[in-house]
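Take a look at the structure set out below.
The values are calculated or read from the model by the stated rules, or taken from the named source; none is laboratory data. Not measured: the values here are computed from a predicted model. Neighbour counts are summed over all protein chains in view; Cβ atoms, including those assigned to glycine, are modelled from backbone coordinates with ideal geometry.
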Amino acid sequence: MDISNYIYLSALLFTIGAIGVVVRRNAIVVFMCVELMLNAANLAFVTFSRVHGNLSGQVASFFTMVVAACEVVVGLAIIVTIYRSRRSASVDDASLLKR
Amino acid sequence: MHTSTNLVYLIALPLFSAALLLILGRIADKWGHIFATLISAAVFLIAGIEFFAMQGRSGESRAATQKIFEWISVGTLHVDASLLLDQLSICFVLLISGVGTLIHIYSIAYMSHDHDRRRFFAYLNLFIAAMLLLVLGDSYLNLYVGWEGVGLASYLLIGFWNQKPAYATAAKKAFVANRVGDVGLSLAIMIAFTQFGTVTFAGVKAGASGASTGALTAIGAMLLLAAAGKSAQFPLQSWLGDAMAGPTPVSALIHAATMVTAGVYLITRSNFIFDASPTAQLMVVIVGAITLLFGALIGTAKDDIKKALAASTMSQIGYMILATGLGPVGYAFAIMHLLTHGFFKAGMFLGAGSVMHGMNDEVNMRRYGAIGKVMPITAATFGLGYLAILGVPPFAGFYSKDKIIETAFNAGGVKGILLGGATLLGAAITAFYMTRVIVLTFTGTKRWDEKAHPHESPFLMWAPMAVLAIGSVASGFLLSSGSALVNWLQPVVNENHEHHAEEFLPPLVVSTMALVVVAIGVAFAVLKYRTVPVDAPANVSVFTKAARKDLYQDSFNEAVFMRPGQKLTSGLVITDNRVIDGLVRSIGWVIQTIAAALRSIQNGYVRSYALIMVLGVLALVTAIWMVTL
């Protein structure tokens, strides 16, 4: 199987995630898009690990998963707290840090 | 060279007294004046002891020195704070402490009604200390400290009644005019240091013989500028008339007898520089000749008795400066005239103070008249001073002023005739304006204010006047009999008697000429002031108008120095506000504008920050890709 297809898929997933982060307002959806970008990167790591024939890329993807898990814990806690205080999960409502 | 241990007390005692009286404040009000007078008398006593000790030592070892402490030791510059009492210094020390003590005594009575008498005496002692340091310092730098000290004391005393704005302004004017001269002195010291590597009198004297004429002329010109500032000589003379704002004893001590003669001391002390530079000497005689006529002309038109005497002081110091410019033969005569002038001018100033004391501080001579009958002692002492300044034999001025006129004629050639003519003309004008003062004040009819009840001054005031009057009579004869002063000063000024061979006119002819012109001046004044209007006449000649306005010296200074200076200042203020501040402000404005533009990025939307991050990463990746391609 051609290796470039995996890379195309990875790039496509990453782009979808990035666009989702920028255009969507719902904090949960933004969060899922971030996860999508992380997993696109994981896919690229595993692919290159396969290409080079060693396990470095797979190890890196495990690290990414651990970081993603931590991020989910902290990020969801923040989103839930904001929802409780503002009755809204829109990221545009939490825009107090401006000039 | 003899080493003494007493010299430091000459300065330390009055300095301590001044500090004590100023620090204790009102606590010392009751005894401050007595204490200061006793200190001044003690200084005179020490000076007298030192003088007789000097007499006991023979020629070479007469001069005494005392090193107080090592003052400056930097690189090649080593200056000790040490004192030198030689034949020249002792003349000044005796004059300063002697006349100073008399004026302290006089001031006890003169200032008795003044609330701040203690402060006045503290300043007087400060002046005595500074003036003695000036004449006792053994280097130009030590002299400079005293030079600045007397400037400070003069400023404080002219502005003693500084609650009157005009008096405070007069003090500032004197200080500023003196600063111009002080710059000259500091420049002279700096040139001397670069040329000779030392600033002591002995070191500069040793170096002067091998130095270039240009350097010596530069030092001489700067010293002359310094002397002109301190001694109110042309072109820095304008402050002396206004300095009369100070209490009259101050005018007698500082602005007649001692401080204003510091310039004569400076030039005499630096004789080795002037003797080696004929150009500098020529500048000195020109300044002296101009000032002696300038001051005399101003004196003819002043109605304020103190200002008339101030103009006379300026003129008489012009005589001394002229004499110092005539080379080795002139120094001793300059110092002799300085000493006799110290007596008769201080005496006349005290006399003027006595008249003012009796006339409710009236200074306008047109409101005086016939005071001789009610104040006989004042009139007599003033009269003796008057005869002395005129040069009538055998009074003091005859011995000192005629010698200067004679020496001026003997300068040789056209220069001698011009200088001699100037001094003779000055003597005639002096006779005119001094007679005018006498006629307006002591004789004629009463022109008093209704409230004035003149009376003779108390003993404490007339006793010093009487002592000074005795000095005006006898000092000239005592100093010149057997050429006493000339021989005494010989080791300092290197007079070698060779110049006496070439006499342009014999002394008798000079004296006769001087007496004739003086008689003409007196006669002219007596005839002109037979009747004196109370108000100064307005339709007078252009010369009188000019003399009343001090020959336009203030107008000149204002037009040439003050106005352009003000323009320069306001120009600099505008430059500062518009250009320099404008530059700083425009930098701030540019940064503010950029910041305002950048601030719009900070909109608080997380999505927009994410987009900027994405764009940034894209730009970075593109850049790396472009580089590695």
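Descriptive notes on the structure:
- First in the stretch B:611-629 and in contact (Cβ under 8 Å) with a residue 60 or more places away in the chain, second anywhere and exposed (fewer than 10 other Cβ atoms within 10 Å of the Cβ), Cβ under 9 Å, 6 or more apart: none
- Residue pairs whose Cβ atoms lie under 6 Å apart, sitting 6 or more positions apart in sequence or on different chains, and linking a residue in the stretch B:368-379 that is farther than 22 Å from B:Ile470 by Cα to a partner that is β-branched (Val, Ile, Thr) and not in a loop (DSSP other than H, G, I, E, B), are B:Tyr368/B:Thr441.
- Residue match in the stretch B:385-399 (condition: within 24 Å of B:Tyr529 (Cβ to Cβ) and either without any contact (Cβ under 8 Å) to a residue 12 or more places away in the chain or of a type in the set (Val, Ile, Thr) (or both)): yes
- Whichever residue in the stretch B:67-86 is among the polar types (S, T, N, Q) and either within 12 Å of B:Leu10 (Cα to Cα) or surrounded by fewer than 20 Cβ atoms within 10 Å (Cβ to Cβ) (or both) and, among such residues, is modelled with the lowest pLDDT: B:Thr76
- Selected residue (only one of B:Ala276, B:Ala257 is modelled with pLDDT under 90 and either among the basic types (Lys, Arg) or crowded, with 23+ Cβ neighbours inside 10 Å (or both)): B:Ala257
- Matching option when the condition is touching a residue at least 12 places away in the same chain (Cβ under 8 Å), surrounded by 12 or more Cβ atoms within 10 Å (Cβ to Cβ), within 14 Å of another protein chain (Cβ to nearest Cβ) and assigned to a helix (DSSP H, G or I), among A:Val46, A:Val22, A:Val72, A:Val34: A:Val34
- Here the stretch A:78-95 is the region considered, the condition is being of a type in the set (A, V, I, L, M, F, W, C) and under 14 Å from B:Ser608 (Cα atoms), and the residue that is farthest from the other protein chains (Cβ to nearest Cβ) is A:Ala94.
- Test for B:Gln566: is it within 14 Å of chain A (Cβ to nearest Cβ), free of Cβ contacts under 8 Å to residues at least 60 places away in the same chain and part of a helix (DSSP H, G or I): no
- In the stretch A:1-19, the residue that is farthest from A:Val74 (Cα to Cα) out of those that are among the aliphatic types (A, V, I, L, M) and within 14 Å of chain B (Cβ to nearest Cβ) is A:Ala11.
- Of the residues B:Met613, B:Met626, the single one that is in a helix (DSSP H, G or I) and loosely packed, with under 11 Cβ neighbours inside 10 Å is B:Met626.
- From the list B:Ala536, B:Ala523, B:Ala546, the lone residue that is in contact with a helix residue (DSSP H, G or I) (Cβ under 8 Å, 6 or more places away or on another chain), in a helix (DSSP H, G or I) and either without any contact (Cβ under 8 Å) to a residue 12 or more places away in the chain or of a type in the set (A, V, I, L, M) (or both) is B:Ala546.
- Pairs with Cβ under 9 Å, 6+ apart, first in the stretch B:41-65 and over 20 Å from B:Asp138 (Cβ atoms), second aromatic (Phe, Trp, Tyr) and assigned to a helix (DSSP H, G or I): B:Ala42/B:Tyr9
- Any hit, the stretch B:49-65, residues being surrounded by 14 or more Cβ atoms within 10 Å (Cβ to Cβ), hydrophobic (A, V, I, L, M, F, W, C) and not in a helix (DSSP H, G or I): yes
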